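Just below is one structure, and these are the notes that go with it.
The values are calculated or read from the model by the stated rules, or taken from the named source; none is laboratory data. Quick caveat, the model's predicted, so the values are computed rather than measured. Virtual Cβ from ideal backbone geometry, glycine too; neighbours counted across all protein chains shown. Accessible surface is based on the protein model in full, side chains and every heavy atom, while ligands, DNA and RNA are left aside. Shrake-Rupley method; radii C 1.70, N 1.55, O 1.52, S 1.80 Å.
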Amino acid sequence: MDQHLQDILRDEDPDALLRLWLDEARKGDPALGRGAHAEAAEVLLALNAALQGGADPQSFGSAPGWQAVQQSLADFSRSRAAQGLSAGATSVFVLALKRPLFAALQKRLKNAPDALVESLWTTTLLVDQMAQHTVTTFQQAREDIIARQQEELLELSTPVVKLWDGVLAVPMIGTLDSNRTQVVMETLLQRIVETEAELAIIDITGVPTVDTLVAQHLLKTVTAIRLMGADCIISGIRPQIAQTIVHLGIDLEGIGTKATLADALRVALHRTGWQVARRADQ
C-alpha cells in the first residue's frame, strides 16, 4: 500500500487533477469523445474511494476493493467502443492519468527521492493495470457489438416475404453458412406458423455458388418446412448452379425447383388453388 498516493488522492483538489488529466489526454486525442469529462470524474472518484479503503495498488486485478474502479473502467470502455473509438485511444486516455499523479508526487516528495521512486513505480503499475483492464473490456465490448450487428445483418439479409395467401418466400443473397441457415430456418418456420402458409419458396438467385455444404443447408431447411406440414420450392436454379449440382451428385429429387422466382410463384399459386388471368381488355 502506497500511503503517498493515497494522500494525494485524498488531499489534492479532484477538479484540478481531473483538469490536468483531461489536458494530458487531449494531447493524444483532441476530440476525446462524448462524455469523457464525466467518465473520467467517475473513474477518479472510484479510484480515490478504493485507495482510501485500503485497496492494494499492486494487486489491481485480484485484490478486493477494486470492483468499483473496474466497473467504472468497463463502463468507460463500452461507451467508447459504442462511439467507434479505438482500443488504443481508450488506453492512452487512461495512461494520461500518470501525468497529474506524477506531478503531485514530485511536488510532495521532492526532498525524499527514495520514497518518490517507490511511489512513482507503484503509480505506474496501478495505472498500467487500469489501462490493460480498459483494453480487455473494450475488446469484449467491441466483440459484443460486432456479434449483435452480425445477428441484425443476418435477420435483415434473410427476410421472409408473404407473396400471396398461403405462399411465403425467402430471397437468399450471399453465402449460405450454418449460422445463416439456422436464422432462415427459425424465421421461416415461425412465419409458417403465424400465417398458416402451405408453401414456401427459397430463392437462391443471389447465392453466388452452390457446393455440397450449401446444398446440405438447403435440404435441412426443406426438411424442416415439410415437418411443419408445408411444402417448398427452390427457385433461382441457374445453368451454372444446375451443372454444379449434377457434378457434385447432390440429390434434390422430390424437391420442386424452378429457374426464376416468377416460375416458382406460378407453380405455388397453382398448388394452392389460385388462378391468375390477364383481363380481356389488356
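Side notes on the structure shown:
- Qualifying positions in segment 243-256 - surrounded by 14 or more Cβ atoms within 10 Å (Cβ to Cβ) and either touching a helix residue (DSSP H, G or I) at 6+ places or on another chain (Cβ under 8 Å) or aliphatic (A, V, I, L, M) (or both): I245, I250, L252, I255, G256
- Scanning segment 195-231 for residues that are open to solvent by 80 Å² or more (accessible area, probe 1.4 Å) and in contact with a Cys (Cβ under 9 Å, 6 or more places away or on another chain) yields one hit, R226.
- Residues of segment 37-61 classified as of a type in the set (A, V, I, L, M) and either outside any helix (DSSP H, G or I) or closer than 20 Å to D128 by Cβ (or both), total: 8
- Condition check for I145: assigned to a helix (DSSP H, G or I), among the aliphatic types (A, V, I, L, M) and at pLDDT below 85: yes
- Within segment 109-124, the set of residues being hydrophobic (A, V, I, L, M, F, W, C) and in contact with a helix residue (DSSP H, G or I) (Cβ under 7 Å, 6 or more places away or on another chain) comprises L109, A115, L116, L120.
- Those residues of segment 225-260 which are among the hydrophobic types (A, V, I, L, M, F, W, C), modelled with pLDDT under 90 and not in a loop (DSSP other than H, G, I, E, B), in sequence order: I241, A242, I245, V246, L248
- Some residue of segment 107-122 being open to solvent by 40 Å² or more (accessible area, probe 1.4 Å), in contact with a strand residue (DSSP E or B) (Cβ under 7 Å, 6 or more places away or on another chain) and not in a strand (DSSP E or B): no
- In segment 174-191, the residues that are closer than 23 Å to A262 by Cα, open to solvent by 10 Å² or more (accessible area, probe 1.4 Å) and modelled with pLDDT of 80 or more: M185, T187, L189, R191
- Per this entry, L22 is not counted among residues that are at pLDDT 85 or above, over 30 Å from G84 (Cβ atoms) and either open to solvent by less than 10 Å² (accessible area, probe 1.4 Å) or not in a helix (DSSP H, G or I) (or both).
- Identity of the residue in segment 44-91, touching a residue at least 40 places away in the same chain (Cβ under 8 Å) and of a type in the set (F, W, Y), that ends up surrounded by the fewest Cβ atoms within 10 Å (Cβ to Cβ): F60
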